[in-house]
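To keep things clear, I will list the structure first and then write my remarks on it.
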Amino acid sequence: MLRIGITIGLRHESESMWVNGIKQTAIFFAKLLMSSPRRHRVTLVNTTPVRITRNLPWDLLAYPTLQFEHAKDALDVLFVMGGAISPDWLSDLKARGVKVVSFRLGSEYFVSMERIIFNLHAAESPPLHLAGFDKMWFIPQVWEANHAYLQVLHRLRPEQLRQVPFVWDPMFVAAYAREKRLDNGGEYRPRPGPKRISCFEPNINVLKTFLYPLLIAETAFRRQPEDFEFVSILNSGHFRNNPEFLGVVGHLDLVRTPKKCFFEDRHVTPGFLALHTDVVVSHQIHNPLNNLLLEVAWQGYPLVHNSHLCSDLGYYYDGFDVEQAAQSLCHALRAHDDAWQEYRDRQRESLAQFLPTNPALISAYDALLDDLFSE
């Protein structure tokens with residue numbers, strides 16, 4: 001048994017689980033470690049001054065959560081995942097023999113380049129890249145573009161870097177569905193008539209944006225307009241006065257046709273799926289596996305996407321191939337409901353590989369922990 005901490009960075013005492021995927025992943029990882037036959041003792045470690053209260057959206061008995069100063073003296077390993085630590089904290093932990101692993105979930109190379117090029121967040125303090133971590137772990141979807149970048153900045157040797165399996169669980173999707181009393185637990189059910197197509201890309205950097213999903217929908221709409229009720233582009237409301245945006249979308253039949261395309265603000269995924277969606281179209285660059293895709297697939301919604309790390313899910317198309325994607329969308333609009341239950345079952349069979357209760361995944365992480373302590 002190991003005493004393991006996983007950092008989170010709370011911003012509010014009642015912070016939503018749907019602000020981003022980092023806290024969700026921290027809990028999924030904690031659940032996996034707790035599922036090990038080695039019976040690891042796992043604590044979520046908050047690194048900000050925000051108080052820990054029962055207003056947090058997870059069970060504090062199931063997932064104990066402490067401030068850093070209250071957790072640091074009873075750890076064998078600390079995974080720095082969702083909350084940063086200071087150089088002094090790192091030095092103190094290392095002096096007491098604690099193994100400290102930087103666990104990277106984001107595409108930090110792209111974020112840094114955009115902040116530099118576009119002078120974003122100029123008033124914030126500069127990023128802190130600490131030296132001294134024992135290892136740096138990367139989920140598969142961020143490995144390619146980020147591992148060398150962070151290896152150099154953190155002064156790590158190549159052998160200190162590891163690509164580790166992705167972990168995901170539908171627990172928060174199910175909890176939201178129960179809280180909101182969504183019909184059928186928010187799962188997909190066929191409905192007659194034209195279909196509602198949604199794009200959930202966050203549109204906060206170039207990795208996951210609305211434009212190619214909209215082009216895919218446009219191409220399918222030109223062929224089968226009678227199959228479209230409307231298209232919803234989420235997380236795009238702030239573009240409505242952007243001249244470049246207006247100049248691009250103004251060329252599309254979907255936008256020119258009244259009440260066929262809506263540019264929405266942010267919504268919680270399982271709720272918008274259940275109430276306003278029949279098909280999801282997605283596109284990414286250098287982020288070929290993420291929580292959104294797995295949430296959509298688990299709930300049984302037809303998913304048209306280009307994420308090669310989960311190409312067995314939904315209706316996969318390659319890269320920027322709008323033609324292939326539009327063909328898949330046209331097929332989903334007309335034929336998906338003929339076998340929707342079999343589709344949902346296949347999705348869940350495939351998604352089992354990511355679940356924190358998967359014995360193979362648990363064994364893989366226990367082996368990684370063994371490797372951590374082998375030096």
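The values are calculated or read from the model by the stated rules, or taken from the named source; none is laboratory data. Worth saying up front: this structure is predicted, and the values here are computed from it rather than measured. Cβ coordinates were reconstructed from backbone atoms using ideal geometry, including for glycine residues, and neighbour counts include every protein chain displayed. For the accessible areas, the whole protein counts, side chains as well, though only heavy atoms, and no ligand, DNA or RNA atoms are used. Shrake-Rupley method; radii C 1.70, N 1.55, O 1.52, S 1.80 Å.
Given the chain, report the % of alpha carbon pairs whose separation exceeds 26 Å. Before the final figure, lay out the partial values.
Working: 38416 of 70125 pairs.
The calculated P(r) of the chain puts 55 percent of pairs beyond 26 Å.
Rounded, prolate or oblate for region 52-109? Axes are the square roots of the Cα gyration tensor eigenvalues, ordered a ≥ b ≥ c, and the cut-off for rounded is a/c under 1.5.
Numbers: a/c = 2.17, a/b = 1.25, b/c = 1.73.
Oblate.
If r is the Cβ-Cβ distance from His238 to Leu128 and R0 is 22 Å, what FRET efficiency results, to the nearest 0.05? Could the numbers behind the result be given before it?
Details: r = 29 Å, r/R0 = 1.33.
FRET efficiency, His238 to Leu128: 0.15.
Subtract the Cα-Cα distance of Asp253 and Ala367 from 0.36 nm times their separation in residues, and report this length gain in nm to one decimal. Please report the intermediate quantities before stating the final value.
On the way: separation 114, 0.36 × 114 = 41.04 nm, distance 5.37 nm.
Extra length available between Asp253 and Ala367 comes to 35.7 nm.
Report the extension gain between Val19 and Phe118 in nm, rounded to one decimal, defined as 0.36 nm multiplied by the number of residues separating them, less their alpha carbon distance. Present the calculation step by step, with values, prior to reporting the outcome.
Details: separation 99, 0.36 × 99 = 35.64 nm, distance 2.37 nm.
In short, 33.3 nm is gained.
Taking a cut-off of 16 Å between Cα atoms, list the lysines near Lys135, but don't count ones fewer than 8 places away on the same chain.
Lys94, Lys99
Mind checking which of Gln141, Gln284, Gln163 has the largest fluctuation in a GNM of the chain, springs on alpha carbons under 10 Å?
Gln163
Report, in degrees rounded to the nearest 10, the 0 to 90 angle that the Cα long axis of helix 322-335 makes with the longest principal axis of the chain.
With rounding to tens, the tilt is 70 degrees.
Is it possible to state the helix-based mean residue ellipticity at 222 nm for the chain, with each DSSP H run of 4+ residues giving -39500 (n - 2.57), the sum divided by total residues, to the nearest 500 deg cm²/dmol? What is it?
Numbers: 14 runs with 140 residues, N = 375.
One gets -11000 deg cm²/dmol as the mean residue ellipticity at 222 nm.
For the chain, what % of the accessible area comes from carbon and sulfur atoms, probe 1.4 Å?
Working: 9180 of 17310 Å².
Heavy-atom surface of the chain belonging to carbon and sulfur, 1.4 Å probe: 53 percent.
Label region 313-375 by shape, choosing from rounded, prolate and oblate, from the square roots a ≥ b ≥ c of the eigenvalues of the Cα gyration tensor; if a/c is under 1.5 it is rounded, and otherwise prolate applies when a/b is larger than b/c, oblate when it is not.
Working: a/c = 8.60, a/b = 2.17, b/c = 3.95.
Oblate.
Could you tally the net charge around Ile216, taking each other residue with its Cβ under 10 Å from the Cβ of Ile216, Lys/Arg +1 and Asp/Glu -1? The partial results should precede the final answer.
On the way: positive: none; negative: Glu218, Asp321, Glu323.
My count for the surroundings of Ile216 gives -3.
When a/c reaches 1.5 or more, the comparison of a/b and b/c decides; with that in mind, is region 2-98 rounded, prolate or oblate per its Cα gyration tensor?
Numbers: a/c = 1.82, a/b = 1.18, b/c = 1.54.
Note, shape of region 2-98 comes out oblate.
Within 10 Å, count the other beta carbons around each residue, average over each peptide in 205-214, 339-348, and list them highest first. All intermediate terms of the calculation are to be shown ahead of the outcome.
Numbers: 205-214: 21.0, 339-348: 15.4.
In decreasing order of mean packing, 205-214, 339-348 become 205-214, 339-348.
Taking 22 Å as R0, compute the FRET efficiency from the Cβ-Cβ separation of Ala352 and Met34 and round it to 0.05.
Numbers: r = 18 Å, r/R0 = 0.83.
Between Ala352 and Met34 the formula returns 0.75.
Given springs between every Cα pair under 10 Å in a Gaussian network model of the chain, which of Leu32, Leu120, Leu329 has the largest fluctuation?
Of Leu32, Leu120, Leu329, the Gaussian network model singles out Leu120 as fluctuating most.
State the Cα centre-to-centre distance between region 274-307 and region 31-103 in whole Å.
A separation of 31 Å, based on Cα centres.
Helix 108-117 against the longest principal axis of the chain: what's the angle in degrees, Cα atoms only, rounded to the nearest 10?
On a 0 to 90 degree scale, this one is about 70.
Quote to one decimal, in nm, the extra length available between Val206 and Ala145 on full extension: 0.36 nm per residue of separation minus the C-alpha distance between them. Don't skip to the end; give the middle numbers.
Details: separation 61, 0.36 × 61 = 21.96 nm, distance 1.36 nm.
Gain in length upon complete extension: 20.6 nm.
Can you give me the distance in nm between label points at Asp183 and Glu375, each placed 7 Å from the Cα along the Cα-to-Cβ direction?
According to this spin-label approximation, the distance is 5.6 nm.
Pull up the DSSP beta bridges for the chain and report the antiparallel fraction as a percent, rounded to 5. The partial results should precede the final answer.
Values: 0 of 38 bridges.
If I count the DSSP bridges inside the chain, around 0 percent turn out antiparallel.
Helix 140-153 sits at what angle to the longest principal axis of the chain, using alpha carbons and giving 0 to 90 degrees rounded to 10?
The answer is roughly 50 degrees.
Say each of Ser91 and His308 gets a label point 7 Å from the Cα, pointing the same way as Cα to Cβ; how far apart are those two points in nm?
4.5 nm
Between Arg162 and Ala175, how many nm apart are label points set 7 Å from Cα along the C-beta direction?
About 2.7 nm separates the two model spin labels.
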